[in-house]
Amino acid sequence: MARGARALALCIALATPCAAHAYCRMTAPRTPPGACELGTPVAWRGTPITVHVNTRDLVVDPAAGQPLDALVRGYAIVAARRWSDVGCGPTMALGDDVDAPLDRARDGRSALSANRRWTPDAYHRPGTVAFTVMTTDATTGAALEADVELNARSADNPLGYAFGDGAPSWGVADAPSVLLHELGHVAGLAHSLRAGAVMEASMDVERQRRELTDDDRAGACALNARPAVTGGCSAAPTRSGAWCAALCLVCIVAAHGVHARRETRRRTTS
Ligand SMILES: [Zn+2]
């Protein structure tokens, strides 16, 4: 398998350089590539942030794809606890399971879903392992919901990924690492340029990144800062930004986005 296809793709759109710290927050409206924290920082109005496991397609015919229910539920709990245990950032908790189609209208619930039909579009790019779409109020930056999709291998999606939780295995995405990264997005973090950070934009599939770094923890704490911490980030493209853009292209990393409500409506009705 080509190196690019093996790369663990964990989103690109908001990976940006920062002068004073490596982490970045999501902003509303969407931060353009090459910039950092332009716009209103996204923030949840209350905690804990509740995330629901979407049971649809998590349990499948083993001949057609792997059952993901135990992996997703179990490591989502672990990831939520990791972020919550930072202490000065938002807390996260799992709510009741939901059963919802992926093309549902935004319903105010944040859900973790397995997608076994990865039809290419702006979000479902080939090679992407998972992405998170944050829906916000475009004016205030208030987070409304954040939905995570996993690119799950199936008979209908042979180029999707198998997910595992054991020793690194060629071509198998590490479920604990992927869920920890995506729940970082759910919390409100964009990508970090700090090598080795959980919120780094990409890493090889065979790697594992199961523990938060100091940079990840600092980012989580910034999410609760009042007023919002935005100083220190450079909006101008830098050498690091160019490197990131190149890396993102090589790794075929995919997008996650910050949607304004109006944008969301267009998408879900088109
Ligand atoms: Zn990402």
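The values are calculated or read from the model by the stated rules, or taken from the named source; none is laboratory data. Keep in mind it's a predicted model, so treat the numbers as computed, not measured. Glycine also receives a Cβ, built like all others from the backbone with ideal geometry; neighbour counts cover every protein chain displayed.
Restrict the check to the range 79-97 and report whether at least one residue is surrounded by fewer than 17 Cβ atoms within 10 Å (Cβ to Cβ), farther than 23 Å from residue 67 by Cβ, within 16 Å of the ligand (Cβ to nearest atom) and of a type in the set (A, V, I, L, M).
No, the range 79-97 has no match at all.
Tell me, which strands (runs of 3 or more DSSP E) lie completely within the range 76-146 with 2 or more residues that are over 16 Å from residue 188 (Cβ atoms)? Step through it out loud before you land on a result.
On the way: elements: 92-94, 110-115, 130-136.
The strands (runs of 3 or more DSSP E) meeting that bar are 110-115.
Pairs only if they're at least six apart or on different chains, beta carbon under 6 angstrom, first in the range 24-51 and among the hydroxyl-bearing types (Ser, Thr, Tyr), second crowded, with 20+ Cβ neighbours inside 10 Å and at pLDDT below 65; list them, first residue then second.
27/37; 31/14
Would you mind finding the one in 162, 175, 167, 152 that is more than 13 Å from the ligand (Cβ to nearest atom) and farther than 15 Å from residue 130 by Cβ?
Only one candidate qualifies: 167.
From the residues in the range 118-151 that are touching a residue at least 12 places away in the same chain (Cβ under 8 Å) and polar (S, T, N, Q), which one is surrounded by the most Cβ atoms within 10 Å (Cβ to Cβ)? Quick ask: steps written out before the conclusion?
At the first step, the residues of the range 118-151 found to be touching a residue at least 12 places away in the same chain (Cβ under 8 Å) are 118, 122-151.
Now drop any that are not polar (S, T, N, Q), which leaves 128, 132, 135-136, 139-140, 151.
Details: 128: 27, 132: 26, 135: 23, 136: 30, 139: 11, 140: 12, 151: 25.
Looking at the filtered set, the residue picked out is 136.
Filter the range 178-212 down to the residues that are among the small types (Gly, Ala, Ser) and not in a loop (DSSP other than H, G, I, E, B), then identify the one that is nearest to residue 72 (Cα to Cα). Step through it out loud before you land on a result.
First pass over the range 178-212, keeping only residues among the small types (Gly, Ala, Ser): 184, 187-188, 190, 192, 195-197, 201-202.
Still in the running and not in a loop (DSSP other than H, G, I, E, B): 184, 187, 192, 202.
Details: 184: 15, 187: 17, 192: 24, 202: 20 Å.
In this case the residue turns out to be 184.
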